[in-house]
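> The structure that follows is given in the form of structure tokens.
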Amino acid sequence: MQVLGAINKFKQCVLNISLINICNQESHVGKEMRQQYNQWKGETDETVYNPWLDVHQFTIYLPHPDQEYEDITLEAGLTRGYNVEVKPVYNLSKLPYQIPRGGHFVVVMQQKGLDADFTIAGTGIFIRPLGVLSLDLIIDPDEGEYQSITIKHPIIRDYPEGWEDKLNLFLKGEISLEELPQVVKYVDRAFNEDYRQPAWNDIYLAATGFAGF
């Protein structure tokens, strides 16, 4: 993952563990997505097919590193993906992006301080086949300054050659979802029963150079 001047190591790791949970259909986030999708399609009497083909919004919350909760530790909550919310997008015209079929809208919210509220820190697109977040992080909201970054899945070590070019073509609508490498299947227990999702401590230690996958 690209290291940013505007975002520290803790927040980078929160984005990493959030991406890990979003990619795994058997995580808390994945199960919540399926439940909401089934409920939505049940209300409209539409055929329940593949939720990944309908645009969803994933909201990633970046908590203060010293934030405490009553019933769970911060580390356990991040490991389980409790800092990520998901819901179907019912009106695509309200989104700030033209999202290609198979992409999903992402909102990043940052806690202003200990026990403080969250404010928007960026938006972007989740591209599931690649296990990638393409984000525009806000640097200066008053000046409209932002920084565009791409976050790769930290467990997928060897992305196929040319994946960045295909990502850009996909975001421009020049190639379809089916033309992207399906590397996400390696980190999704719905496809790979041998995959073991790492915990927050694994991600944080790996990012600081004390452990690896």
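The values are calculated or read from the model by the stated rules, or taken from the named source; none is laboratory data. As the structure is a computational prediction, the values presented were derived from the model and not from experiment. Reconstructed Cβ throughout: ideal geometry from the backbone, glycine too, with neighbour counts over all protein chains shown.
> Kindly indicate the residue of the range 98-137 that is within 29 Å of V183 (Cα to Cα) and among the basic types (K, R) and also farthest from the chain's Cα centre (by Cα) among those meeting that condition.
Residue satisfying both the conditions and the ranking: R101.
> State which residue pairs qualify: first residue assigned to a loop (DSSP other than H, G, I, E, B) and inside the range 55-74, second residue small (G, A, S) in any location, beta carbons under 8 Å apart, and separation of 6 or more residues or different chains.
Pairs that qualify, where the first residue is assigned to a loop (DSSP other than H, G, I, E, B) and the partner is small (G, A, S), are V55/G103; H64/G113; H64/A116; Y69/G77.
> Only one of L169, L180, L205 is closer than 23 Å to E26 by Cα and among the hydrophobic types (A, V, I, L, M, F, W, C). Can you tell me which? Walk me through it before giving the result.
Numbers: L169 fails: closer than 23 Å to E26 by Cα; L205 fails: closer than 23 Å to E26 by Cα.
Matching residue, one of L169, L180, L205: L180.
> Checking Q36 against (1) at pLDDT 95 or above; (2) more than 24 Å from V183 (Cα to Cα); (3) surrounded by 15 or more Cβ atoms within 10 Å (Cβ to Cβ), which single condition isn't satisfied?
(1)
> Now for a different question. With closer than 21 Å to V107 by Cα, assigned to a loop (DSSP other than H, G, I, E, B) and without any contact (Cβ under 8 Å) to a residue 12 or more places away in the chain as the only criterion, which of E143, E174 stands out? Walk me through it before giving the result.
Details: E174 fails: closer than 21 Å to V107 by Cα.
So the residue among E143, E174 that is closer than 21 Å to V107 by Cα, assigned to a loop (DSSP other than H, G, I, E, B) and without any contact (Cβ under 8 Å) to a residue 12 or more places away in the chain is E143.
> Here's something else I'd like to know. Any idea how many residues of the range 111-134 are loosely packed, with under 15 Cβ neighbours inside 10 Å and of a type in the set (V, I, T)?
2
> Select from the range 67-92 the residues that are surrounded by 18 or more Cβ atoms within 10 Å (Cβ to Cβ) and touching a Pro at 6+ places or on another chain (Cβ under 9 Å) and list them in ascending order.
Listed by number, the residues that qualify are L74, G77, L78, T79, N83.
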